[in-house]
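The values are calculated or read from the model by the stated rules, or taken from the named source; none is laboratory data. Here the structure is a predicted model, which is why all the values come from computation and not from measurement. Every residue, glycine among them, receives a Cβ derived from its backbone with ideal geometry; neighbour counts consider all protein chains shown. Ligands, DNA and RNA are excluded from the accessible area calculation, which covers all protein heavy atoms including side chains. Shrake-Rupley method; radii C 1.70, N 1.55, O 1.52, S 1.80 Å.
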Amino acid sequence: MNKKIISLFLIASLTAMNSCKLEEINENPNVPTDVTMNLLLPAAQSDFANALGGRFFRYTSIAAQQLKGADNQELLMENYNPDELFVGYPWEDFYSGPMINLKLIIEKAEQENSPAYSAVAKIMLANCIGVVTDTWGDVPFSEALLGGNNLYPAYDSQEEIYASIQTLLDEAIASLSEPSPIAPASDDLIYGGDLNKWKRAAYALKARYLIHTTKRDNGAALLALDALSNAMNSYDDDCSYKYLGTAIDANPINNFFSASAYAIVDAQFIGTMGVADPRFEYFVDIIPFTGGQSKVGAFIGSVNSPIDFISFSEQKFIEAEALLRTDNTVDAQIAFHAAVQSSFDELENFLTIDIDDQDVSEFIGDLQLDGSFEENMEKIIEQKYVALFTQLECWTDYRRTNYPQLIANENGTNESNPNGAIPRRLIYPQSERLLNTNFPGSVSMQQRIWWDE
């Protein structure tokens with residue numbers, strides 16, 4: 001039997017266990033409390049991908065005008081008025097799924113002398129908490145993931161969490177240079193135990209979270225460039241979860257669009273991408289007999305489409321932006337073209353297709369950074385918005401740069417979103433408001449998070 005299939009059966013068991021309340025796990029003698037690292041790691045990786053591709057991507061992609069909510073909870077988000085109960089589901093997907101398992105791996109790795117497992121878990125945990133804080137702002141972290149030992153974790157400021165992200169990544173990079181008697185192998189569903197690739201992914205993530213802070217730190221772009229000098233080499237280094245496309249390991253974005261019409265591709269995304277883009281037919285799938293409505297296409301919405309944690313294409317877009325911010329437009333142009341080329345490479349590799357080389361060359365050749373700083377920044381972020389379709393970074397980039405230029409949805413003025421503008425964050429879940437005595441108070445979706453101020 002395929003090793004990944006075996007791992008996935010184990011993941012299903014662990015996921016069922018994690019769906020229980022953490023305090024119940026601590027008390028229930030019928031639930032195993034000692035799970036080995038080689039079982040925890042694939043569960044955490046699968047859970048993280050499923051969390052990103054679950055309800056979460058619909059909320060964030062609607063906020064970024066990539067999707068349009070048509071019914072159900074997606075329509076509420078289209079009107080910038082999400083139900084605080086349902087907002088809790090993606091929150092729990094991260095905290096009770098991958099993050100608790102990653103914390104356990106780190107603890108076990110310290111006990112069992114495994115710097116390699118610790119490093120991989122810290123890289124993923126940094127990524128997970130980065131996603132959570134970029135969506136909700138101040139969130140529990142330093143006191144979170146303790147189960148019954150602390151049911152009411154305090155909220156850390158986003159500034160503190162960002163410092164923790166860099167610390168986790170630095171510690172992981174250092175650990176990956178140490179000998180490790182016990183190390184991931186086939187249980188690592190991302191890189192198959194290739195620790196060099198994990199190190200390159202860690203540097204790419206450092207650059208991502210540095211470039212987010214350019215409003216706060218004038219030196220962030222230079223620091224990001226320094227990290228990128230040790231990051232990924234090509235799309236073969238993409239840090240992504242590759243679904244088998246089976247009943248127990250299917251891409252959740254595909255599952256959503258196969259089961260419902262609660263969201264469609266937003267006309268603003270189609271307008272930004274443009275139907276002349278050679279990638280268009282693979283990114284956007286026109287739904288027959290709907291008057292032109294569209295769903296996510298085969299590249300992102302197939303049953304076996306991978307979900308990126310961070311990709312080489314994203315890395316090159318970060319590099320292009322950082323170079324532009326440091327007045328190096330010549331090298332920014334090179335990185336910009338490499339970013340778009342990598343997007344084509346990823347597409348062709350996954351779908352095993354060949355897009356006409358001349359069409360690709362002409363398309364990329366037309367993308368010239370020959371205007372003002374703002375005009376050039378807009379070009380970079382617009383292409384990143386397309387290449388990273390459905391990923392959180394698209395909404396994050398809009399909040400950081402105001403690009404691409406988007407028009408807020410109609411009917412978006414309400415208590416959760418007072419001025420009707422495009423949201424800057426999600427509201428907190430009902431579960432936190434009702435159950436966590438350290439809840440800091442309700443926020444509107446127009447209250448800016450730390451790096452956005």
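Select, from Phe344, Phe373, the only residue that is closer than 26 Å to Lys206 by Cα, loosely packed, with under 14 Cβ neighbours inside 10 Å, touching a residue at least 40 places away in the same chain (Cβ under 8 Å) and not basic (Lys, Arg).
Selected residue: Phe373, the only one of Phe344, Phe373 that is closer than 26 Å to Lys206 by Cα, loosely packed, with under 14 Cβ neighbours inside 10 Å, touching a residue at least 40 places away in the same chain (Cβ under 8 Å) and not basic (Lys, Arg).
Any chance segment 431-446 includes a residue that's out of contact with any Ser or Thr (no Cβ under 7 Å at 6 or more places or on another chain), crowded, with 16+ Cβ neighbours inside 10 Å and either among the acidic types (Asp, Glu) or in a helix (DSSP H, G or I) (or both)?
Checked against the condition, which is being out of contact with any Ser or Thr (no Cβ under 7 Å at 6 or more places or on another chain), crowded, with 16+ Cβ neighbours inside 10 Å and either among the acidic types (Asp, Glu) or in a helix (DSSP H, G or I) (or both), segment 431-446 yields at least one hit.
Contact list please: Cβ distance under 9 Å, first residue in segment 329-340 and without any contact (Cβ under 8 Å) to a residue 24 or more places away in the chain and of a type in the set (D, E, K, R), second residue part of a helix (DSSP H, G or I) and buried (at least 16 other Cβ atoms within 10 Å of the Cβ), pairs at least six apart or on different chains.
Matching pairs, first to second residue: Asp331/Glu319; Asp331/Ala320; Asp331/Leu323.
Select, from Glu74, Glu92, the only residue that is in a helix (DSSP H, G or I), closer than 17 Å to Asp266 by Cβ and of a type in the set (Asp, Glu).
Glu74
Scan (1) assigned to a loop (DSSP other than H, G, I, E, B); (2) under 24 Å from Ser46 (Cβ atoms); (3) open to solvent by 50 Å² or more (accessible area, probe 1.4 Å) for the single condition Pro181 breaks and write down its number.
Tallying (1) assigned to a loop (DSSP other than H, G, I, E, B); (2) under 24 Å from Ser46 (Cβ atoms); (3) open to solvent by 50 Å² or more (accessible area, probe 1.4 Å), Pro181 fails exactly one: (2).
Which members of segment 234-243 meet the condition of being in a loop (DSSP other than H, G, I, E, B), within 20 Å of Gln45 (Cα to Cα) and either of a type in the set (Gly, Ala, Ser) or open to solvent by 20 Å² or more (accessible area, probe 1.4 Å) (or both)?
Here is the first cut: in segment 234-243, the ones in a loop (DSSP other than H, G, I, E, B) are 234, 238, 242-243.
So of that shortlist, the ones also within 20 Å of Gln45 (Cα to Cα) come out as 238, 242-243.
Residue satisfying the conditions is Lys242 alone.
May I ask you to list pairs of residues, at least six apart or on different chains, whose Cβ atoms are under 6 Å apart, with the first in segment 147-175 being on the phi > 0 side of the Ramachandran plot and the second being of a type outside the set (Gly, Ala, Ser)?
Gly147/Leu22; Gly147/Asn26
From (1) among the charged types (D, E, K, R); (2) open to solvent by 30 Å² or more (accessible area, probe 1.4 Å); (3) under 23 Å from Lys316 (Cβ atoms); (4) part of a helix (DSSP H, G or I), pick out the condition that doesn't hold for Arg208.
(2)
So which residues in segment 247-301 are open to solvent by 60 Å² or more (accessible area, probe 1.4 Å) and over 28 Å from Ile364 (Cβ atoms)?
Passing the criteria: Ala247, Ile248, Asn255, Ser258, Ala259, Ala261, Tyr262, Pro288, Phe289, Gly291, Gln293.
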